[in-house]
Amino acid sequence: MRDIRVALWGLGAMGSGIAKMIASKEGLALSGVCVRRDHLVGQEVYAYLGIDRGDRDPVFITNKIEDIVRRDLCDIVVLATDSFVETQFDKIMFCLERGVHVLSIAEEMAWPWAQNEELADKIDALAKMRGVSVLGTGINPGFVLDYLILALSGTCEHVESISAARVNDLAPFGKSVMVEQGVGISIDEFKRRMEEGSLSGHVGFPESMSMIAEGMGVALADIEETRDPIISNVDRKSAHGEAKKGNLAGIRQQSYGRLANGKVFIHLDHPQQICPEDEGVNTGDYVTIRADGYDMNLSIVPETPGGIGTIAMAVNMIPHVIGAKPGLRSMLDLPVPRCILGNYAEQIHQERDHRYRRGELVSVETVILPVGERAPQVPDDTKRTPLRAFTKGFLQEESATRGDLVTVRTMSDRLVTGTVSDLPISPTHTFGHSVPELTAVHRQVFELMFGGESK
(Lines give C-alpha, C1' and ligand atoms only; values in the text may rest on other atoms or scores of the structure.)
Protein backbone atom coordinates (compact mmCIF):
# COMPACT_ATOMS: atom_id res chain seq x y z
CA MET A 1 0.00 0.00 0.00
CA ARG A 2 1.51 3.30 -1.08
CA ASP A 3 1.79 6.34 1.18
CA ILE A 4 -0.80 9.11 1.17
CA ARG A 5 0.70 12.01 -0.79
CA VAL A 6 0.04 15.30 1.02
CA ALA A 7 0.56 18.74 -0.53
CA LEU A 8 0.83 21.60 1.96
CA TRP A 9 -0.36 25.13 1.13
CA GLY A 10 1.11 27.45 3.75
CA LEU A 11 4.20 27.09 5.94
CA GLY A 12 3.61 29.42 8.86
CA ALA A 13 3.46 28.34 12.49
CA MET A 14 0.70 25.78 11.88
CA GLY A 15 1.89 24.75 8.42
CA SER A 16 5.40 24.06 9.68
CA GLY A 17 4.02 21.96 12.54
CA ILE A 18 1.82 19.99 10.15
CA ALA A 19 4.80 19.33 7.86
CA LYS A 20 6.89 18.06 10.79
CA MET A 21 4.12 15.74 11.97
CA ILE A 22 3.58 14.37 8.45
CA ALA A 23 7.32 13.67 8.23
CA SER A 24 7.17 11.71 11.50
CA LYS A 25 4.28 9.42 10.51
CA GLU A 26 4.15 6.11 8.68
CA GLY A 27 1.98 6.05 5.58
CA LEU A 28 2.20 9.79 4.89
CA ALA A 29 4.48 11.52 2.38
CA LEU A 30 4.93 15.24 1.91
CA SER A 31 4.61 15.67 -1.85
CA GLY A 32 4.89 19.46 -2.17
CA VAL A 33 4.85 22.76 -0.29
CA CYS A 34 3.62 26.14 -1.55
CA VAL A 35 4.17 29.50 0.17
CA ARG A 36 3.78 33.22 -0.55
CA ARG A 37 7.13 34.24 0.97
CA ASP A 38 9.63 34.56 -1.86
CA HIS A 39 12.68 34.09 0.36
CA LEU A 40 11.61 30.49 1.05
CA VAL A 41 11.16 29.52 -2.60
CA GLY A 42 13.72 26.96 -3.74
CA GLN A 43 14.68 25.81 -0.25
CA GLU A 44 14.49 22.12 0.54
CA VAL A 45 11.66 21.81 3.10
CA TYR A 46 13.24 19.14 5.33
CA ALA A 47 16.42 21.20 5.61
CA TYR A 48 14.38 24.35 6.29
CA LEU A 49 12.48 22.60 9.09
CA GLY A 50 15.62 21.01 10.51
CA ILE A 51 14.38 17.46 9.87
CA ASP A 52 16.55 14.53 8.82
CA ARG A 53 15.26 13.65 5.34
CA GLY A 54 16.56 10.09 5.49
CA ASP A 55 15.70 8.19 2.31
CA ARG A 56 12.77 10.44 1.42
CA ASP A 57 12.79 12.35 -1.85
CA PRO A 58 13.72 16.03 -1.49
CA VAL A 59 10.82 18.49 -1.56
CA PHE A 60 11.56 22.02 -2.73
CA ILE A 61 9.35 24.90 -1.62
CA THR A 62 7.54 26.69 -4.44
CA ASN A 63 5.24 29.67 -4.89
CA LYS A 64 3.46 28.08 -7.85
CA ILE A 65 0.61 25.98 -6.51
CA GLU A 66 -0.13 24.52 -9.94
CA ASP A 67 3.24 22.74 -9.76
CA ILE A 68 2.24 20.61 -6.75
CA VAL A 69 -1.58 20.27 -6.84
CA ARG A 70 -2.66 17.76 -9.43
CA ARG A 71 -4.39 14.42 -9.13
CA ASP A 72 -1.34 12.49 -10.30
CA LEU A 73 0.93 14.36 -7.86
CA CYS A 74 -0.99 14.39 -4.58
CA ASP A 75 -3.99 12.79 -2.88
CA ILE A 76 -4.94 15.63 -0.57
CA VAL A 77 -4.08 19.30 0.02
CA VAL A 78 -3.84 20.66 3.56
CA LEU A 79 -4.68 24.36 3.53
CA ALA A 80 -2.84 26.06 6.40
CA THR A 81 -3.79 29.60 5.36
CA ASP A 82 -6.55 32.07 6.19
CA SER A 83 -9.36 31.96 8.73
CA PHE A 84 -12.34 32.82 6.57
CA VAL A 85 -14.33 30.92 3.93
CA GLU A 86 -14.42 33.92 1.61
CA THR A 87 -10.64 34.37 1.54
CA GLN A 88 -9.99 30.64 1.14
CA PHE A 89 -12.76 29.90 -1.36
CA ASP A 90 -10.67 30.32 -4.53
CA LYS A 91 -7.90 28.10 -3.11
CA ILE A 92 -10.37 25.34 -2.31
CA MET A 93 -12.00 25.52 -5.74
CA PHE A 94 -8.56 25.45 -7.40
CA CYS A 95 -7.75 22.19 -5.61
CA LEU A 96 -11.15 20.66 -6.37
CA GLU A 97 -10.88 21.53 -10.06
CA ARG A 98 -7.75 19.37 -10.08
CA GLY A 99 -9.54 16.45 -8.45
CA VAL A 100 -7.83 16.32 -5.05
CA HIS A 101 -9.26 16.16 -1.53
CA VAL A 102 -8.96 19.23 0.69
CA LEU A 103 -8.46 19.60 4.44
CA SER A 104 -8.59 23.16 5.78
CA ILE A 105 -7.73 24.58 9.20
CA ALA A 106 -9.55 27.87 8.47
CA GLU A 107 -11.87 28.39 11.43
CA GLU A 108 -14.97 29.21 9.38
CA MET A 109 -14.54 26.02 7.35
CA ALA A 110 -15.46 23.96 10.44
CA TRP A 111 -19.12 24.74 9.64
CA PRO A 112 -19.09 26.96 6.53
CA TRP A 113 -22.88 26.93 6.16
CA ALA A 114 -23.18 29.18 9.24
CA GLN A 115 -22.15 32.41 7.48
CA ASN A 116 -21.28 31.44 3.89
CA GLU A 117 -24.04 29.11 2.71
CA GLU A 118 -23.80 30.01 -0.98
CA LEU A 119 -20.02 29.50 -1.11
CA ALA A 120 -20.40 26.28 0.88
CA ASP A 121 -22.95 24.99 -1.64
CA LYS A 122 -20.56 25.76 -4.51
CA ILE A 123 -17.73 23.89 -2.76
CA ASP A 124 -20.05 20.96 -2.07
CA ALA A 125 -21.25 20.80 -5.68
CA LEU A 126 -17.76 20.83 -7.21
CA ALA A 127 -16.41 18.32 -4.68
CA LYS A 128 -19.22 15.90 -5.50
CA MET A 129 -18.67 16.42 -9.22
CA ARG A 130 -14.95 15.62 -8.90
CA GLY A 131 -15.55 12.71 -6.50
CA VAL A 132 -13.50 14.18 -3.64
CA SER A 133 -14.14 15.43 -0.10
CA VAL A 134 -13.52 18.69 1.78
CA LEU A 135 -13.24 19.09 5.57
CA GLY A 136 -12.55 22.01 7.87
CA THR A 137 -11.19 21.17 11.32
CA GLY A 138 -8.88 22.31 14.10
CA ILE A 139 -8.76 22.51 17.87
CA ASN A 140 -11.41 25.23 18.10
CA PRO A 141 -13.67 25.28 16.23
CA GLY A 142 -13.53 21.63 15.27
CA PHE A 143 -13.15 20.03 18.67
CA VAL A 144 -13.14 21.70 22.12
CA LEU A 145 -16.15 24.05 22.00
CA ASP A 146 -18.30 21.98 19.66
CA TYR A 147 -17.37 18.36 18.85
CA LEU A 148 -16.34 17.50 22.42
CA ILE A 149 -19.57 19.02 23.75
CA LEU A 150 -21.65 16.98 21.30
CA ALA A 151 -19.84 13.78 22.29
CA LEU A 152 -20.56 14.42 25.98
CA SER A 153 -24.21 15.16 25.27
CA GLY A 154 -24.55 11.69 23.78
CA THR A 155 -24.62 10.26 27.32
CA CYS A 156 -27.64 12.38 28.30
CA GLU A 157 -31.35 11.63 27.96
CA HIS A 158 -32.17 15.34 27.89
CA VAL A 159 -30.20 18.61 27.94
CA GLU A 160 -31.50 21.85 29.45
CA SER A 161 -28.52 24.06 28.58
CA ILE A 162 -24.80 24.05 27.84
CA SER A 163 -22.00 26.26 29.19
CA ALA A 164 -18.41 25.89 28.06
CA ALA A 165 -15.22 27.89 28.34
CA ARG A 166 -11.76 27.66 26.84
CA VAL A 167 -9.07 29.67 28.65
CA ASN A 168 -6.05 29.31 26.40
CA ASP A 169 -2.60 30.60 25.53
CA LEU A 170 -2.16 32.16 22.08
CA ALA A 171 1.64 31.96 22.23
CA PRO A 172 1.97 28.90 19.91
CA PHE A 173 0.06 30.57 17.07
CA GLY A 174 1.42 32.65 14.22
CA LYS A 175 1.36 36.31 13.26
CA SER A 176 -2.08 36.21 11.58
CA VAL A 177 -3.72 35.08 14.83
CA MET A 178 -1.92 37.83 16.74
CA VAL A 179 -3.38 40.40 14.36
CA GLU A 180 -6.88 38.89 14.57
CA GLN A 181 -6.73 38.95 18.38
CA GLY A 182 -5.33 42.48 18.60
CA VAL A 183 -2.33 41.34 20.63
CA GLY A 184 -0.17 44.34 21.55
CA ILE A 185 -2.59 47.10 20.49
CA SER A 186 -3.70 49.92 22.80
CA ILE A 187 -7.17 50.21 24.33
CA ASP A 188 -7.88 53.17 22.03
CA GLU A 189 -6.86 51.10 19.01
CA PHE A 190 -9.13 48.30 20.28
CA LYS A 191 -12.11 50.68 20.46
CA ARG A 192 -11.38 52.11 17.02
CA ARG A 193 -11.05 48.71 15.37
CA MET A 194 -14.18 47.47 17.12
CA GLU A 195 -16.13 50.42 15.73
CA GLU A 196 -14.90 49.88 12.18
CA GLY A 197 -15.30 46.10 12.41
CA SER A 198 -11.68 45.27 11.59
CA LEU A 199 -10.88 43.29 14.76
CA SER A 200 -11.78 39.66 14.25
CA GLY A 201 -11.13 38.32 17.71
CA HIS A 202 -11.89 34.61 17.94
CA VAL A 203 -13.12 33.35 14.59
CA GLY A 204 -15.59 30.49 14.78
CA PHE A 205 -18.34 31.07 17.36
CA PRO A 206 -21.18 31.03 14.79
CA GLU A 207 -19.66 27.86 13.35
CA SER A 208 -19.39 26.13 16.74
CA MET A 209 -22.90 27.23 17.73
CA SER A 210 -24.35 25.98 14.43
CA MET A 211 -22.52 22.65 14.65
CA ILE A 212 -23.85 22.01 18.17
CA ALA A 213 -27.38 23.06 17.24
CA GLU A 214 -27.41 20.98 14.05
CA GLY A 215 -25.95 17.97 15.81
CA MET A 216 -28.56 18.10 18.59
CA GLY A 217 -31.51 19.05 16.38
CA VAL A 218 -32.02 22.39 18.14
CA ALA A 219 -33.19 25.56 16.37
CA LEU A 220 -31.36 28.66 17.62
CA ALA A 221 -33.34 31.84 17.07
CA ASP A 222 -30.41 34.18 17.76
CA ILE A 223 -26.64 34.10 18.26
CA GLU A 224 -25.08 37.04 20.12
CA GLU A 225 -21.36 37.75 20.50
CA THR A 226 -19.50 40.09 22.84
CA ARG A 227 -15.83 41.13 22.87
CA ASP A 228 -13.90 42.64 25.78
CA PRO A 229 -10.20 43.56 25.92
CA ILE A 230 -7.78 41.65 28.15
CA ILE A 231 -5.37 44.35 29.35
CA SER A 232 -1.93 43.17 30.41
CA ASN A 233 -0.51 44.36 33.74
CA VAL A 234 2.99 43.18 32.79
CA ASP A 235 5.10 43.01 29.64
CA ARG A 236 4.46 39.76 27.76
CA LYS A 237 6.23 38.28 24.74
CA SER A 238 5.77 35.16 22.64
CA ALA A 239 7.45 33.90 19.46
CA HIS A 240 4.99 35.76 17.23
CA GLY A 241 3.47 38.47 19.44
CA GLU A 242 4.23 41.01 22.13
CA ALA A 243 2.04 42.94 24.60
CA LYS A 244 3.45 45.78 26.65
CA LYS A 245 1.99 46.66 30.04
CA GLY A 246 -1.29 48.54 29.52
CA ASN A 247 -1.92 47.10 26.05
CA LEU A 248 -4.01 44.16 24.91
CA ALA A 249 -2.78 40.64 25.65
CA GLY A 250 -5.85 39.31 23.87
CA ILE A 251 -9.64 39.38 23.84
CA ARG A 252 -12.32 37.74 25.94
CA GLN A 253 -15.08 36.74 23.58
CA GLN A 254 -18.43 35.24 24.56
CA SER A 255 -21.33 33.90 22.55
CA TYR A 256 -24.94 33.23 23.52
CA GLY A 257 -27.22 30.95 21.50
CA ARG A 258 -30.87 31.62 22.34
CA LEU A 259 -34.02 29.65 21.64
CA ALA A 260 -37.22 31.21 20.29
CA ASN A 261 -38.43 31.85 23.86
CA GLY A 262 -35.32 33.91 24.63
CA LYS A 263 -33.67 31.28 26.82
CA VAL A 264 -29.91 30.90 26.48
CA PHE A 265 -29.38 27.28 25.45
CA ILE A 266 -25.62 27.55 24.68
CA HIS A 267 -23.10 29.90 26.33
CA LEU A 268 -19.50 29.79 25.09
CA ASP A 269 -16.74 31.79 26.81
CA HIS A 270 -13.31 32.14 25.22
CA PRO A 271 -10.68 34.45 26.80
CA GLN A 272 -7.61 34.21 24.55
CA GLN A 273 -4.28 35.85 25.36
CA ILE A 274 -0.55 35.37 25.04
CA CYS A 275 1.37 34.06 28.04
CA PRO A 276 -1.49 34.08 30.60
CA GLU A 277 0.82 32.41 33.10
CA ASP A 278 2.77 35.70 33.31
CA GLU A 279 -0.14 37.00 35.41
CA GLY A 280 -0.96 33.77 37.21
CA VAL A 281 -3.89 32.81 34.97
CA ASN A 282 -4.32 29.06 34.62
CA THR A 283 -5.48 27.72 31.30
CA GLY A 284 -8.13 25.04 30.87
CA ASP A 285 -11.14 23.73 28.99
CA TYR A 286 -14.42 23.49 30.88
CA VAL A 287 -17.83 22.09 29.91
CA THR A 288 -21.04 22.01 31.93
CA ILE A 289 -24.09 20.25 30.52
CA ARG A 290 -27.24 20.81 32.56
CA ALA A 291 -29.15 17.61 32.07
CA ASP A 292 -32.46 16.46 33.53
CA GLY A 293 -31.88 16.73 37.29
CA TYR A 294 -28.07 16.87 37.33
CA ASP A 295 -25.05 18.70 35.94
CA MET A 296 -22.30 17.01 33.96
CA ASN A 297 -18.97 18.78 34.41
CA LEU A 298 -15.76 18.26 32.48
CA SER A 299 -12.46 20.02 33.18
CA ILE A 300 -9.25 19.68 31.19
CA VAL A 301 -6.43 21.47 33.03
CA PRO A 302 -4.27 22.88 31.61
CA GLU A 303 -5.93 23.59 28.26
CA THR A 304 -5.82 21.16 25.38
CA PRO A 305 -2.70 22.57 23.64
CA GLY A 306 -3.93 24.87 20.89
CA GLY A 307 -1.06 24.68 18.45
CA ILE A 308 -0.34 20.98 18.85
CA GLY A 309 -4.07 20.26 18.92
CA THR A 310 -4.74 22.00 15.60
CA ILE A 311 -1.76 20.31 13.97
CA ALA A 312 -2.78 16.88 15.26
CA MET A 313 -6.45 17.27 14.31
CA ALA A 314 -5.45 18.19 10.76
CA VAL A 315 -3.00 15.33 10.25
CA ASN A 316 -5.05 12.68 12.07
CA MET A 317 -8.14 13.43 9.94
CA ILE A 318 -6.28 13.04 6.60
CA PRO A 319 -7.19 9.37 5.97
CA HIS A 320 -10.79 9.95 7.04
CA VAL A 321 -11.22 12.80 4.55
CA ILE A 322 -9.89 10.61 1.74
CA GLY A 323 -12.25 7.81 2.76
CA ALA A 324 -15.29 10.09 3.15
CA LYS A 325 -18.29 10.34 0.85
CA PRO A 326 -17.62 13.03 -1.81
CA GLY A 327 -18.75 16.55 -0.97
CA LEU A 328 -18.28 19.21 1.70
CA ARG A 329 -18.14 17.39 5.02
CA SER A 330 -18.04 18.32 8.70
CA MET A 331 -16.62 16.60 11.76
CA LEU A 332 -20.11 15.18 12.35
CA ASP A 333 -19.85 13.16 9.12
CA LEU A 334 -16.51 11.48 9.72
CA PRO A 335 -15.13 8.85 12.12
CA VAL A 336 -14.11 9.87 15.64
CA PRO A 337 -10.77 11.74 15.60
CA ARG A 338 -7.99 9.79 17.24
CA CYS A 339 -4.22 9.60 17.39
CA ILE A 340 -3.05 7.20 14.70
CA LEU A 341 0.01 5.28 15.85
CA GLY A 342 0.21 2.89 12.92
CA ASN A 343 0.15 3.32 9.15
CA TYR A 344 -2.08 6.21 8.07
CA ALA A 345 -2.77 4.71 4.65
CA GLU A 346 -4.29 1.65 6.30
CA GLN A 347 -6.86 3.89 8.02
CA ILE A 348 -8.57 4.76 4.72
CA HIS A 349 -11.88 2.90 4.54
CA GLN A 350 -13.41 3.17 1.08
CA GLU A 351 -14.20 1.04 -1.92
CA ARG A 352 -11.65 1.40 -4.67
CA ASP A 353 -12.99 3.35 -7.68
CA HIS A 354 -13.34 1.39 -10.90
CA ARG A 355 -10.74 2.32 -13.53
CA TYR A 356 -12.21 2.70 -17.00
CA ARG A 357 -10.14 2.03 -20.15
CA ARG A 358 -10.10 3.66 -23.57
CA GLY A 359 -13.23 2.79 -25.55
CA GLU A 360 -15.21 1.74 -22.49
CA LEU A 361 -18.73 3.17 -22.14
CA VAL A 362 -18.85 5.69 -19.28
CA SER A 363 -21.16 8.39 -17.94
CA VAL A 364 -19.79 11.94 -17.68
CA GLU A 365 -21.26 14.90 -15.85
CA THR A 366 -21.29 18.53 -17.00
CA VAL A 367 -22.70 21.53 -15.14
CA ILE A 368 -25.23 23.52 -17.16
CA LEU A 369 -26.08 26.06 -14.43
CA PRO A 370 -23.80 26.28 -11.36
CA VAL A 371 -24.96 27.21 -7.86
CA GLY A 372 -25.76 30.91 -7.83
CA GLU A 373 -27.01 30.99 -11.43
CA ARG A 374 -30.27 29.08 -11.05
CA ALA A 375 -33.55 30.83 -11.91
CA PRO A 376 -34.77 33.07 -9.05
CA GLN A 377 -38.20 31.42 -8.88
CA VAL A 378 -36.97 27.88 -8.13
CA PRO A 379 -37.17 26.54 -4.53
CA ASP A 380 -34.27 27.31 -2.18
CA ASP A 381 -33.07 23.70 -2.05
CA THR A 382 -32.97 23.66 -5.86
CA LYS A 383 -30.94 26.89 -5.90
CA ARG A 384 -28.31 25.15 -3.80
CA THR A 385 -27.93 22.39 -6.38
CA PRO A 386 -26.31 22.84 -9.81
CA LEU A 387 -28.26 21.89 -12.94
CA ARG A 388 -26.31 18.92 -14.30
CA ALA A 389 -26.36 16.90 -17.50
CA PHE A 390 -25.20 13.29 -17.75
CA THR A 391 -23.94 11.94 -21.07
CA LYS A 392 -22.99 8.37 -21.98
CA GLY A 393 -20.13 7.88 -24.36
CA PHE A 394 -16.94 5.98 -25.13
CA LEU A 395 -13.84 7.08 -23.22
CA GLN A 396 -11.20 8.77 -25.39
CA GLU A 397 -8.40 8.85 -22.79
CA GLU A 398 -6.21 5.85 -21.99
CA SER A 399 -7.83 5.40 -18.58
CA ALA A 400 -9.85 7.30 -15.97
CA THR A 401 -11.63 6.96 -12.62
CA ARG A 402 -14.51 8.81 -10.99
CA GLY A 403 -13.86 12.55 -10.83
CA ASP A 404 -11.42 12.71 -13.76
CA LEU A 405 -12.06 15.29 -16.48
CA VAL A 406 -12.32 13.38 -19.77
CA THR A 407 -13.75 13.41 -23.29
CA VAL A 408 -16.23 10.83 -24.55
CA ARG A 409 -17.59 10.08 -28.02
CA THR A 410 -21.35 9.52 -27.98
CA MET A 411 -23.36 7.11 -30.13
CA SER A 412 -24.27 10.09 -32.34
CA ASP A 413 -20.53 10.80 -32.79
CA ARG A 414 -20.51 13.95 -30.62
CA LEU A 415 -17.44 14.71 -28.49
CA VAL A 416 -18.44 15.73 -24.96
CA THR A 417 -16.06 16.82 -22.21
CA GLY A 418 -17.11 16.19 -18.63
CA THR A 419 -16.27 14.59 -15.31
CA VAL A 420 -16.50 10.82 -14.93
CA SER A 421 -19.50 10.14 -12.69
CA ASP A 422 -20.54 7.07 -10.73
CA LEU A 423 -23.97 7.06 -12.38
CA PRO A 424 -24.68 3.54 -13.63
CA ILE A 425 -24.65 3.09 -17.42
CA SER A 426 -27.71 0.86 -17.34
CA PRO A 427 -31.02 2.38 -16.16
CA THR A 428 -31.75 1.59 -12.52
CA HIS A 429 -35.01 3.48 -12.06
CA THR A 430 -38.22 1.67 -11.06
CA PHE A 431 -41.79 2.67 -10.37
CA GLY A 432 -40.96 2.72 -6.67
CA HIS A 433 -42.19 0.63 -3.77
CA SER A 434 -45.71 -0.73 -3.50
CA VAL A 435 -48.21 1.82 -2.20
CA PRO A 436 -50.97 0.18 -0.11
CA GLU A 437 -53.47 2.97 -0.85
CA LEU A 438 -53.06 2.48 -4.61
CA THR A 439 -53.51 -1.26 -4.20
CA ALA A 440 -56.80 -0.61 -2.45
CA VAL A 441 -57.87 1.75 -5.25
CA HIS A 442 -56.97 -0.91 -7.80
CA ARG A 443 -59.29 -3.37 -6.11
CA GLN A 444 -62.14 -0.85 -6.01
CA VAL A 445 -61.74 -0.05 -9.73
CA PHE A 446 -61.67 -3.76 -10.54
CA GLU A 447 -64.92 -4.26 -8.60
CA LEU A 448 -66.61 -1.37 -10.44
CA MET A 449 -65.49 -2.48 -13.88
CA PHE A 450 -65.75 -6.23 -13.64
CA GLY A 451 -67.95 -6.90 -10.66
CA GLY A 452 -65.14 -8.67 -8.92
CA GLU A 453 -64.87 -11.37 -11.59
CA SER A 454 -61.42 -12.11 -12.90
CA LYS A 455 -60.94 -11.27 -16.61
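Brief remarks follow.
- Unique residue being at pLDDT below 95 and either part of a strand (DSSP E or B) or among the small types (Gly, Ala, Ser) (or both) when the list is 219, 239, 213: 239
- Where residue 341 falls short, out of the listed (1) exposed (fewer than 12 other Cβ atoms within 10 Å of the Cβ); (2) free of Cβ contacts under 8 Å to residues at least 24 places away in the same chain; (3) assigned by TED's automatic domain parsing to the domain that holds residue 402: (3)
- Inspection of region 201-221 finds a residue satisfying the criterion of being in contact (Cβ under 8 Å) with a residue 60 or more places away in the chain, charged (D, E, K, R) and not assigned by TED's automatic domain parsing to the domain that holds residue 135.
- Residue list for region 36-83, filter: under 21 Å from residue 21 (Cα atoms) and within 20 Å of the chain's Cα centre (by Cα): 69, 74, 75, 76, 77, 78, 79, 80, 81, 82
- Criterion (surrounded by 15 or more Cβ atoms within 10 Å (Cβ to Cβ), of a type outside the set (S, T, N, Q), closer than 30 Å to residue 409 by Cβ and touching a residue at least 12 places away in the same chain (Cβ under 8 Å)) met by exactly one of 286, 356: 356
- Criterion applied to 245, 325 was being exposed (fewer than 14 other Cβ atoms within 10 Å of the Cβ) and not assigned by TED's automatic domain parsing to the domain that holds residue 198, and the one residue passing it is 325.
- Residues of region 267-300 classified as in a strand (DSSP E or B) and over 23 Å from residue 106 (Cα atoms), total: 12
- Pairing each residue of region 137-161 that is of a type in the set (D, E, K, R) with any residue that is part of a strand (DSSP E or B), provided the two are 6+ apart or on different chains, yields C-beta distances under 8 Å for 157/291; 160/290; 160/291.
- Looking only at residues of region 401-450 that are touching a strand residue (DSSP E or B) at 6+ places or on another chain (Cβ under 7 Å) and among the small types (Gly, Ala, Ser), we find that the one that is modelled with the highest pLDDT is 418.
- If you go through region 301-322 and keep only what is loosely packed, with under 15 Cβ neighbours inside 10 Å and either in contact (Cβ under 8 Å) with a residue 40 or more places away in the chain or under 18 Å from residue 106 (Cβ atoms) (or both), you end up with just 308.
- When 257, 262 are checked against the criterion of being out of contact with any Cys (no Cβ under 7 Å at 6 or more places or on another chain), more than 18 Å from residue 170 (Cα to Cα) and not in a strand (DSSP E or B), 262 stands alone in meeting it.
- Residue check for residue 115: surrounded by 22 or more Cβ atoms within 10 Å (Cβ to Cβ) and either of a type in the set (Lys, Arg) or touching a helix residue (DSSP H, G or I) at 6+ places or on another chain (Cβ under 9 Å) (or both): no
- Tally, over region 248-264, of residues that are surrounded by 21 or more Cβ atoms within 10 Å (Cβ to Cβ) and β-branched (Val, Ile, Thr): 1
- Flag if residue 210 is buried (at least 21 other Cβ atoms within 10 Å of the Cβ) and of a type in the set (S, T, N, Q): yes
- Residue check, residue 294 farther than 21 Å from residue 211 by Cα, crowded, with 21+ Cβ neighbours inside 10 Å and hydroxyl-bearing (Ser, Thr, Tyr): no
The values are calculated or read from the model by the stated rules, or taken from the named source; none is laboratory data. Just so it is clear, the model here is predicted, and its values are computed rather than measured. All Cβ positions, even for glycine, are placed from backbone atoms using ideal geometry, and neighbour counts span all protein chains on display.
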